[in-house]
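Engineer: Attaching a single structure in structure tokens format; questions to follow.
The values are calculated or read from the model by the stated rules, or taken from the named source; none is laboratory data. What you are looking at is a predicted structure, and each value in this text was computed from that prediction instead of being measured. All Cβ positions, even for glycine, are placed from backbone atoms using ideal geometry, and neighbour counts span all protein chains on display. Side chains are part of the model used for accessible areas, which takes the heavy atoms of the whole protein and leaves out ligands, DNA and RNA. Shrake-Rupley method; radii C 1.70, N 1.55, O 1.52, S 1.80 Å.
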Amino acid sequence: MTPIRLIALDLDGTLIDSAPDLSDAINNMLAALGQQQYPQIAVQQWVGNGVVMLIKRALTGQMEPAADPENLAEALALFADLYEAHVFERSIIYPGVMDGLLQLKEKGFKLACITNKIKRFTQPLMTKTGMAGYFDFIVCGDSFARMKPDPLPLLKTAEYFDIEPAQAVMVGDSINDMRAGRSAGFKTALVPYGYAGKYSIKDLNADYQIRTIVELADLFYSSAQGAVKQTNNDSRTI
């Protein structure tokens, strides 16, 4: 088995249950526009394809809007201000995440966060949760020309660490994470919670199924023989 050296993790639905604050911002935006509001369970089904698609879905109530709403630009600006001001108020870190990140760091794995959330929201969220220092590399939805499920962010991350894709695993909660991982040549691991939407764990068919992030260190450490402990705690966000 090829040793795993790089662990790449999704953010929303994998490390953080961000649906409460996203839902609040979406509904406050819709209220300001005089439009119908939605329960949190509906909003969290729209998460995962970047902020523009999230707003399109909220404005139309459709998973696949046929056309851009006329008030898209206004809605985007409203949402951005609302969400940035309250990015980590009701959201929570999933159980096992902080312990899991600490164990992975101590055992010498390279750690990256690859999210479709834009940098404007990702940076304050990572800082407020205390996660920023665990990651060597943070890739946002606006870091490159394409986001997950395209493999580009994953391939750029492997390139940054000078690590072969076969030595990396993409950990997530959704079909976007699985498709990106497979297309990039990464192994894939899936958590059973999060925002998988209509897909079940069986549907997504990841290489590994884990209950919490804390399981990752033991799962991959035996294959990472000779991993060198990291001493640089500074993370780079692009």
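Engineer: What's the total number of residues in the stretch 167-184 that are surrounded by fewer than 22 Cβ atoms within 10 Å (Cβ to Cβ) and touching a strand residue (DSSP E or B) at 6+ places or on another chain (Cβ under 8 Å)?
Structural biologist: Number satisfying all stated conditions: 2.
Engineer: Limited to the stretch 1-30, what total is found for residues that are under 14 Å from residue 83 (Cα atoms) and either open to solvent by 30 Å² or more (accessible area, probe 1.4 Å) or of a type in the set (A, V, I, L, M, F, W, C) (or both)?
Structural biologist: So the count comes out to 8.
Engineer: Only one of (1) without any contact (Cβ under 8 Å) to a residue 24 or more places away in the chain; (2) among the β-branched types (Val, Ile, Thr); (3) more than 29 Å from residue 79 (Cα to Cα) is not met by residue 127, so which one is it?
Structural biologist: Only one criterion is unmet by residue 127, namely (3).
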